[in-house]
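Student: Right, I'll just put the structure down here and ask away after.
FYI, it's all coordinate maths here, none of it is from the lab. These figures come from a predicted structure and were not determined experimentally. Glycine also receives a Cβ, built like all others from the backbone with ideal geometry; neighbour counts cover every protein chain displayed.
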Amino acid sequence: MEFLRLCEQYSFVGYSFERIDTKEVNGAWKKVPIGQPIRKGDRINKDTYKEFIKPSHRAFAIVTGAASGITVIDCDTPESYEKLIREFPELTDTVLRVPLVRRVPLRAKHVAPPTKRENKKTPTRPTLPK
């Protein structure tokens, strides 16, 4: 399965589910995931994720953050992407831009926030996974 190979190649923790439907809520169309597994706690992780990818499913998700080592910023318009890059030019070296029809998601290596004990003056710069 192609999605499983993608997860293995990039060390992503992913899962599949049946499909995504849409429904109208207060005059706006909303996406409704159907058949998503329960993700409470650390149930889907690097050791178990393959059990949650089914060949019959048609929808796929990647667990972001520390689990997969990535952070995603979803820009709804090309203009919002350009504004983000203007305000944070360092992102141009750290992101993978995936253009879609009307949205521009970005992927960068996840950097955990500093703990109270860590020196907060030390900058951390996200980088793309290889």
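Student: Tell me which residues come under 5 Å, amide H to amide H, from residue 70 once H is placed; ignore anything under 5 positions away on its chain.
Tutor: Residues meeting the criterion, in which the H sits 1.01 Å from N, are 65, 110.
Student: What FRET efficiency comes out for residue 21 versus residue 79 if R0 is 30 angstrom and r is the Cβ-Cβ distance? Round to the nearest 0.05.
Tutor: Efficiency at R0 = 30 Å is approximately 0.55.
Student: List the residues whose amide H sits under 5 Å from the amide H of residue 75, counting only those 5 or more places along or on another chain, with H placed 1.01 Å from N in the peptide plane.
Tutor: For residue 75, the qualifying residues are 104, 106.
Student: Any idea what Rg and Dmax come out to for segment 1-68 if you just take the C-alpha atoms, in Å?
Tutor: Taking only Cα atoms of segment 1-68, I get Rg and Dmax of 13.3, 42 Å.
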